[in-house]
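The values are calculated or read from the model by the stated rules, or taken from the named source; none is laboratory data. Bear in mind the structure is a predicted one, so any value in this text is a computation, not a measurement. As a convention, Cβ positions derive from the backbone with ideal geometry for all residues, glycine included, and neighbour counts pool all protein chains shown. SASA here: full protein model, heavy atoms, side chains in, ligands and nucleic acids out. Shrake-Rupley method; radii C 1.70, N 1.55, O 1.52, S 1.80 Å.
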Amino acid sequence: MHSYTSITTVKCNHSLSKDLLLDSGQPNEDNRDRKGRSRIGLVVTGLVGGSLVALYAVAAPFVAPALRKVCLPFVPATTTQVENVLKALRTRSGTLVDIGSGDGRIVIAAAKHGFRASGFELNPWLVWYSRYRAWREGVYRSTSFHISDLWKVSFAQYSNVVIFGVPQMMEKLELKLASELPSTAKVVTCRFPFPTWIPESTAGEGIDTVWVYDAKTFKSHL
């Protein structure tokens with residue numbers, strides 16, 4: 001009986017000593033695993049959070065215009081559309097503005113044909129990209145790109161206007177351009193015509209159709 005008690009006491013003391021060593025900071029596999037998982041979790045959380053912030057920074061300028069009452073979505077002009085615009089303006093010169101200039105391809109093409117061309121675009125990423133393209137194409141001196149809402153800009157200084165609009169805005173834009181443009185101006189619309197103006201000519205077909213309007217005609221109806 002005495003012998004059994006001694007053995008039990010030794011075992012208990014040994015177990016207690018082991019627990020005390022663990023409690024005093026002795027490393028073990030479980031603790032290391034938990035700390036490792038914790039560090040990995042923090043790294044993953046940081047990466048996910050950083051990715052979401054970066055995604056928002058890139059996407060916000062593209063999404064924000066869509067939240068406006070009248071949306072001008074970015075749909076790049078086709079090569080045929082650009083050719084039709086230039087064909088419609090082949091006898092023209094002077095200043096040109098592209099309303100909703102997107103990635104700048106109309107402005108850059110017009111500059112290569114001798115126009116002093118400007119673009120107005122609400123999306124800053126597209127404006128910066130357009131400026132880079134103009135520099136790369138060697139026409140940055142005869143082009144300019146502006147981050148601006150078209151309704152807050154006067155187009156009175158331009159003798160040639162190109163517009164990629166949507167049906168919801170065309171009636172209001174008729175009034176704005178008719179009141180601002182000089183009587184010598186020409187207006188070219190792509191994809192959608194103006195609702196009440198009568199075009200003097202058209203070029204192309206299907207989605208590549210462009211409509212050409214003479215300011216003397218639509219200003220006389222104002």
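Each residue in region 154-172 was checked for being without any contact (Cβ under 8 Å) to a residue 60 or more places away in the chain and under 18 Å from Leu96 (Cβ atoms), and 3 of them qualify.
With the structure loaded, tell me whether Arg131 is of a type in the set (D, E, K, R), touching a Phe, Trp or Tyr at 6+ places or on another chain (Cβ under 8 Å), open to solvent by 60 Å² or more (accessible area, probe 1.4 Å) and within 19 Å of Thr78 (Cβ to Cβ) or whether it fails that test. Steps first, please.
Numbers: of a type in the set (D, E, K, R): yes; touching a Phe, Trp or Tyr at 6+ places or on another chain (Cβ under 8 Å): yes; open to solvent by 60 Å² or more (accessible area, probe 1.4 Å): yes; within 19 Å of Thr78 (Cβ to Cβ): no.
So Arg131 fails the test.
Can you spot a residue in region 182-193 that is farther than 22 Å from Arg90 by Cα and crowded, with 18+ Cβ neighbours inside 10 Å?
So in region 182-193, the residues farther than 22 Å from Arg90 by Cα come out as none.
No, because not a single residue in region 182-193 is farther than 22 Å from Arg90 by Cα and crowded, with 18+ Cβ neighbours inside 10 Å.
Going residue by residue through region 146-154, is there one that turns out to be in contact with a helix residue (DSSP H, G or I) (Cβ under 8 Å, 6 or more places away or on another chain), closer than 20 Å to Val210 by Cα and open to solvent by 30 Å² or more (accessible area, probe 1.4 Å)? Within region 146-154, none of the residues are in contact with a helix residue (DSSP H, G or I) (Cβ under 8 Å, 6 or more places away or on another chain), closer than 20 Å to Val210 by Cα and open to solvent by 30 Å² or more (accessible area, probe 1.4 Å).
With respect to the conditions (1) of a type outside the set (Ser, Thr, Tyr); (2) over 17 Å from the mean Cα position of the chain (by Cα); (3) outside any loop (DSSP other than H, G, I, E, B); (4) within 24 Å of Thr184 (Cα to Cα), Ala156 falls short on a single one, namely (3). For Phe120, the test of being modelled with pLDDT of 95 or more, in a strand (DSSP E or B), within 22 Å of Gln81 (Cβ to Cβ) and open to solvent by less than 30 Å² (accessible area, probe 1.4 Å) is passed. Kindly provide the set of residues from region 194-222 that are touching a residue at least 60 places away in the same chain (Cβ under 8 Å) and either surrounded by 13 or more Cβ atoms within 10 Å (Cβ to Cβ) or among the small types (Gly, Ala, Ser) (or both), ordered by number. Once the filter is applied, which keeps residues that are touching a residue at least 60 places away in the same chain (Cβ under 8 Å) and either surrounded by 13 or more Cβ atoms within 10 Å (Cβ to Cβ) or among the small types (Gly, Ala, Ser) (or both), region 194-222 yields Ser201, Ala203, Gly204, Asp208, Thr209, Val210, Val212.
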